[in-house]
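Take a look at the structure set out below.
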Amino acid sequence: MCDTCGCNITPGNKHLVEAGGKFSHSASGHESVEVLQNLLSENDHQADHNREHFHRHGVLVINLMSSPGAGKTSLLEATVRALGGKLGIAVIEGDLETENDAQRLRECGIPAVQITTGSACHLDAHMVHQALHQMSLDNIDVLFIENVGNLVCPASFDLGQHINVALLSVPEGDDKPAKYPVMFRAVDAVLLSKTDLLQVLPEFSPQRAETALRSLASEAPLLNVNVRSAEGLQPWLDWLGEQIAVFKSARETGAMGHFRPVTGQAHVLTHPHLSQFTPRENDG
Amino acid sequence: MHELSVCQALVEQAELIARERQASVTRLILQIGPLSGVESELLRRAFPLASAGTCCEGAALEILAAPVTVYCPDCMVTSEVAANKLLCPECGNWRTSLASGDEMVLQTVELETRAANGNESTGQR
Ligand SMILES: Nc1nc2c(ncn2[C@@H]2O[C@H](COP(=O)(O)OP(=O)(O)O)[C@@H](O)[C@H]2O)c(=O)[nH]1
Ligand SMILES: [Mg+2]
Ligand SMILES: [Zn+2]
Ligand SMILES: [Zn+2]
Ligand SMILES: [Zn+2]
């Protein structure tokens, strides 16, 4: 709760909150206080503070979310192998237990801090802040936060990141966006991971996955990713490269706070299979 | 699920307000939308646990469910839709914007002043 900045108090509801406001007092010793504050505002304040850390160091921060086993750590390993020489990469790993994932990334030669959440099924901004104070962001260009494997709640907690990415692996089935709308409508890109398995799982339809995603009013690009081959990683590397380029130019003009993820070249919005949702084709 | 941690945040917010006024909490009113990521039913179950031993213990928890509605910029209408089908029901457009349904808001805290009964003389008027 924020006493100092009154973040959820708008001109429209201010009078309700101020002492002596319409709802503030009643005669019987009962009092009704209109608060109108987000239940996670404490987390949101910490997330803003984290963002200040990131901006002081000029670091782009990407939050990776998915079910357990969709391939987040494998994607990070492959990304480090592909870009590690050219780019300063660091990782914060969230897991219920074990240092395994952080260890896997250290073996790739990058700094990685493990957060073990115990029973908490998501990372929150406070946990990320603690991890930040255990690592140096000097010479880091991109910080990845691998969230706890869970399609339900990580989306509700701002960590201070600039970009949210969800992985949807082929073995999970193409209807996941329809089943987990809170998560999928919150992300800036969806990676269809393990696409090498499409040949053995023909029941997975990338078009159905995309239709389910668009049904959430999401413009997020859907990128095919497979870490088992160099070509399989390329769509992700291209998209990531675009985000980094846009972030760097925002950094040069001191406008990091205004950075927004770009949809990227893999622009899928005119996909013909979505015609049922777009009755007018690009009438601009 | 994280309803317990959301509930703890709720209790902390309410405690700050109650402490400031030296009062105890009798009722909390929340707005929870289906796209907020928290389940009202789980919140209700977590509340006695999160509030035990605080000034919210025993308070009534009232949860107002906000409907999921989207605004279509083409039709300029707002319509109620399902949480996983945020298309405009009029024209099928998927480039809509959410008008309501993702709230996770503490709307009202009702308090009872501890000195309420013996202290009427200091009241206004
Ligand atoms: N076939 C295939 N398997 C993958 C791919 N990416 C990850 N995996 C496998 O999926 C399993 C879980 O991967 P991991 O990266 O630990 O998932 P995480 O829990 O999301 O971090 C491991 O056995 C990986 O080898 C991929 O692109 N193709
Ligand atoms: Mg992992
Ligand atoms: Zn700090
Ligand atoms: Zn959680
Ligand atoms: Zn419409």
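Given in Å, the Rg to one decimal and the Dmax to the nearest whole number for the Cα atoms of the range A:14-270 are 20.2, 73. Computed over the alpha-carbon pairs of the range B:2-112, the distance histogram in 10 Å steps reads 15, 38, 22, 16, 8, 0 percent, short to long. The mean count of C-beta atoms from other chains within 10 Å of the C-beta of residues in B:100-108, rounded to a whole number, is 5.
Packing here is the average count of other Cβ atoms within 10 Å per residue, and on that basis the peptides A:181-187, A:85-91, highest first, run A:181-187, A:85-91. Projected over all directions and averaged, the alpha-carbon convex hull of the range A:156-239 occupies 5.7 nm². Once each of the GluC sites (Glu not before Pro) sitting in a DSSP loop with at most 14 other beta-carbon atoms within 10 Å is removed, chain B keeps B:1-56 as its longest stretch. Between A:D196 and A:E231, the contour length at 0.36 nm per residue exceeds the Cα-Cα span by 11.5 nm.
Legend: mean number of C-beta atoms from other chains within 10 angstrom of residue C-beta atoms, peptide B:21-28, equals 2. For chain B, the 222 nm mean residue ellipticity estimated from helices alone, with every DSSP H stretch of n ≥ 4 adding -39500 (n - 2.57) and the total spread over all residues, rounds to -8000 deg cm²/dmol. Backbone amide hydrogens, once placed in the peptide plane, bring A:S32 within less than 5 Å of A:H25, A:S26, B:L111, excluding anything fewer than 5 places away on its chain.
Solvent exposure of A:H49, expressed as accessible area, is near 70 Å², computed with a probe of 1.4 Å over the protein chains only. Using the alpha-carbon atoms, what tilt in degrees (0 to 90, nearest 10) does helix B:3-20 show relative to the longest principal axis of chain B? Taking the Cα atoms of chain B, the angle to B:3-20 is about 50 degrees.
The values are calculated or read from the model by the stated rules, or taken from the named source; none is laboratory data. Fair warning: this is a prediction, and the values are worked out from it, not measured in the lab. In this analysis, Cβ positions are derived from the backbone assuming ideal geometry, glycine residues included, and neighbour counts consider all displayed protein chains. Areas reflect the complete protein model, heavy atoms only, side chains present, ligands, DNA and RNA absent. Shrake-Rupley method; radii C 1.70, N 1.55, O 1.52, S 1.80 Å.
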